[in-house]
Amino acid sequence: MKTSVLPILSAFISCALSAPAAPGWRFDLKQERSGIVALESIVVSPTLVVFFDRASDDPLQINGHSAWGALWNLKTSTVRPLDVLTNSFCASGALLSNGTMASVGGDPNGFPGNPDIKPGNQAIRLFEPCASPSGDGCTLFEDPINLHLLEKRWYPSSVRIFDGSLLIVGGMHEDTPFYNTDPALSFEFFPPKESTPRPSEFLKRSLPSNLFPRIFALPDGKVFMVANNQSIIYDIEANTERILPDIPNNVRVTNPIDGSAILLPLSPPDFIPEVLVCGGTQTDTIDPLQLSSQTPATSQCSRIRLDEEGIARGWEVEHMLEGRTMPELVHLPNGQVLIANGARSGFAAIHSVGHPIGNSNSDHAVLVPSLYTPDAPLGRRISNAGMPSSGIARVYHSSITLTPQGNFLIAGSNPNQNTTVGPDVKFPSEFRVQTLDPPFMFVERPKILNAPKKLAFNRKVTVPISVPSSLARPGAKVQVSLMDLGFSSHAFHSGARLVFMDATISRDRKSLTFTTPPNGRVFPPGPATVFLTIDDVSSEGAWVMMGSGRSPPTLE
């Protein structure tokens, strides 16, 4: 008896075609607008993100004038204004060891619509830990007369260091047309450690394109810095610098010639640091009018391992899938790095190079993100397979941050002096907010059911978890990451940090045991988010205090 295979084959094809597709990356456009151009963003609690803009004519109102600060609620995707006294435009910031957010520096200028605004270039703005999930009653504290920086700083960088305080680096004093021609060539600390700033030969050498230096706290307590095409390791305790190799191929990577940079994940037992620098432009620092919005950005990424062997070897070069100026590099909990935002040509700043597009110094926005896999072979680390297009240009003055929920919050973009919108504006002031949701957001995820509010250093900690049956296979890859979600401003996620912790899951899959970092040099004491990842499926993050929660300085 003959049996035809055609009906069987037909049924198989029908089932295959009707099977649900595996989840992929998705952009989700939120219904509510940000109300201000979110050119700076920082996660300050499990549910809240602080946005800052310049003092301008943004539509969100507070006390009878346009707001330039806001709280974004991650749970409800809604915004509320935040009252700011000083001009926070082009500032930096981080979380301190006690959980307080400090925003430092900013714009010296006022705005006609608000005569009470104060100059921001010596400002310190404090947002203390907020217990309210919705931000009720949570405000900024400012006292410009008594609480201020030692030196005027616009476009500075800052990072939390080993004692839980901030190191604040560089910037400029007042308005300059493009390059840094009125530089703040110094470092200082908050809270202050000295009565005067520390002069920096590195910042002097790296002129004129050295705004928003890319700075990273290393696991030995020193700080790695990149500005223009130069790099050093700075020893805070000895106040000395070690000159390292330049970025290869005449590529420059700091404002107004913006690439981005990130400290790659630190892993036990040795926590050997590596830094990745991507994008920018291969150019000399020539007259800006000889530059153009059409000057191609570089696709170059440069990576250096910061031990003696790696420093001797120098920078390793690889390439993104396209040139990008003003990209931003952000960690995923599994150790990959998202490359997002930016443009294929041009520069940062506003209407100051040849052939601007409206007011924009850049053109050809890059809408599709890429993923960088640090432990993949050279030449195979970067891919955008399966990545969607955002549909929204995120160029100068845009921001992005990983959230405790595990997705990315993306907002801002405004290469204009004030609010500029309209059908003929190619790069308008952008108030639309999106999340970029990884595939694991659409499947069953592991859960950290409870976590201590504080974690001591160099301790084994056991927490209850739940693991879905889909992730319960023998030999599954288990990762536990301790993360500082950083401060996003001007194509740099300052302070962002991922430290992997040795971890095991119990046989019954009901508890997770991990070992915290050995000291505050490996992970500077302060707020952190713990993620459990199994086979690249990440839990929501648990918000914890790494260390005692004492005010800085605190050596732990």
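The values are calculated or read from the model by the stated rules, or taken from the named source; none is laboratory data. No experiment lies behind these values; they were computed from the predicted model shown. Every residue, glycine among them, receives a Cβ derived from its backbone with ideal geometry; neighbour counts consider all protein chains shown. Ligands, DNA and RNA are stripped out before the accessible areas are found, and what is left, the full protein with its side chains, is counted by its heavy atoms. Shrake-Rupley method; radii C 1.70, N 1.55, O 1.52, S 1.80 Å.
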Review point. Accessible area per residue of region 441-556 at 1.4 Å probe, in Å²?
Key: 42 Å²
**Study point:** Whole-angstrom Cα spans of region 38-171 along principal axes, big to small
**Key:** 38, 36, 24
Study note, to complete from the structure: Among Lys118/Lys152; Lys118/Lys204; Lys75/Lys447; Lys460/Lys510; Lys222/Lys454, the pairs whose Cα-Cα distance exceeds 21 Å are Lys118/Lys204; Lys222/Lys454
Review point. Of all the accessible heavy-atom surface of region 76-126, with the other protein chains kept in place and a 1.4 Å probe, what percent is carbon and sulfur?
Key: 53 percent
Practice item. May I have the extent of the alpha carbons of region 452-556 along their three principal axes, as whole Å values ordered from largest to smallest? Key: 43, 33, 18
Practice item. Work out the FRET efficiency for Glu201 and Asp57 from their Cβ-Cβ distance, taking R0 = 41 Å, and round it to the nearest 0.05. Key: 0.50
Exercise for review: List the pair-distance distribution P(r) of region 316-436, using every Cα-Cα distance, as the percent of pairs falling in each 5 Å bin from 0 up to the bin containing the longest distance, rounded to whole percents.
Suggested key: 2, 11, 20, 22, 18, 13, 8, 4, 1, 0
Exercise for review: Could you state, as a whole-number percent, how many of the C-alpha pairs of region 428-495 are farther apart than 16 Å?
Suggested key: 72 percent
Practice item. Please turn the phi angles of region 542-556 into ³J(HN,Hα) values with the Karplus equation 6.51 cos²θ - 1.76 cosθ + 1.60 (θ = phi - 60°), one per residue in order, whole Hz, x for glycine and proline. Key: 9, 7, 9, 9, 8, x, 6, x, 5, 5, x, x, 9, 8, 9
Exercise for review: Work out, in µm²/s and without decimals, the Stokes-Einstein translational diffusion coefficient of region 358-509 at 37 °C, 0.692 mPa s, Rh from Kirkwood over C-alpha pairs.
Suggested key: 173 µm²/s
Review point. At what distance in angstrom do the alpha carbon centres of region 202-265 and region 53-104 lie from each other?
Key: 28 Å
Exercise for review: Please list, in chain and number order, the residues 5+ apart from Glu40 or on another chain whose amide H is under 5 Å from its amide H, with Hs placed from the backbone.
Suggested key: Phe52
Review point. Residue by residue through region 303-318, which ³J(HN,Hα) values in whole Hz follow from phi under the Karplus form 6.51 cos²θ - 1.76 cosθ + 1.60 (θ = phi - 60°), with glycine and proline marked x?
Key: 10, 9, 8, 9, 10, 4, 5, x, 5, 5, 6, x, 6, 9, 9, 9
Practice item. Give the carbon-plus-sulfur fraction of the accessible surface of region 429-500 in %, rounded to a whole number; probe 1.4 Å, heavy atoms of protein chains only. Key: 51 percent
Practice item. Tell me which residues come under 5 Å, amide H to amide H, from His65 once H is placed; ignore anything under 5 positions away on its chain. Key: none
Exercise for review: Kindly give the semi-axes, whole Å and largest first, of the ellipsoid equivalent to region 87-151, taking each as the square root of 5 times a Cα gyration tensor eigenvalue.
Suggested key: 22, 15, 10
Exercise for review: With a 1.4 Å probe and every protein chain kept in, tell me what percent of the accessible surface of region 274-415 is carbon plus sulfur.
Suggested key: 49 percent
Study note, to complete from the structure: Label model pair Glu194, Ile272: point-to-point distance (7 angstrom along the Cα→beta-carbon line) in nm is 3.4 nm
Exercise for review: Just the number, please: percent antiparallel of the DSSP beta bridges in the chain, rounded to the nearest 5.
Suggested key: 95 percent
Study note, to complete from the structure: Rounded to one decimal in nm, the spacing of the 7 Å Cα→Cβ label points at Thr513 and Lys454 is 2.4 nm
**Study point:** Whole-percent pair-distance distribution, where bins are 10 Å wide, for the alpha carbons of region 245-391
**Key:** 12, 40, 32, 14, 2, 0
Review point. What list of ³J(HN,Hα) values in whole Hz, one per residue of region 188-198 in order, does the Karplus curve 6.51 cos²θ - 1.76 cosθ + 1.60 (θ = phi - 60°) give from phi, with Gly and Pro shown as x?
Key: 8, 10, 9, x, x, 9, 9, 8, 9, x, 8
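Taking only protein heavy atoms into account and a 1.4 Å probe, give the accessible area per residue of region 73-175 in Å².
Per-residue accessible area for region 73-175 comes out at 34 Å².
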Point to revise | Residues with amide H under 5 Å from that of Phe111, placed H, sequence gap 5 or more | key: Ile117
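In Å, the Kirkwood hydrodynamic radius of the chain over pairs of distinct alpha carbons?
23.7 Å
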Review point. What is the mean projected area of the alpha carbon convex hull for region 162-310, to one decimal in square nanometres?
Key: 9.8 nm²
Study note, to complete from the structure: Among beta bridges assigned by DSSP with both residues in region 450-556, the antiparallel ones amount in percent, to the nearest 5, to 95 percent
Exercise for review: Measure nothing but the geometry: give the 0 to 90° angle between the long axis through the Cα atoms of 6-18 and the longest principal axis through the Cα atoms of the chain, rounded to 10°.
Suggested key: 30 degrees
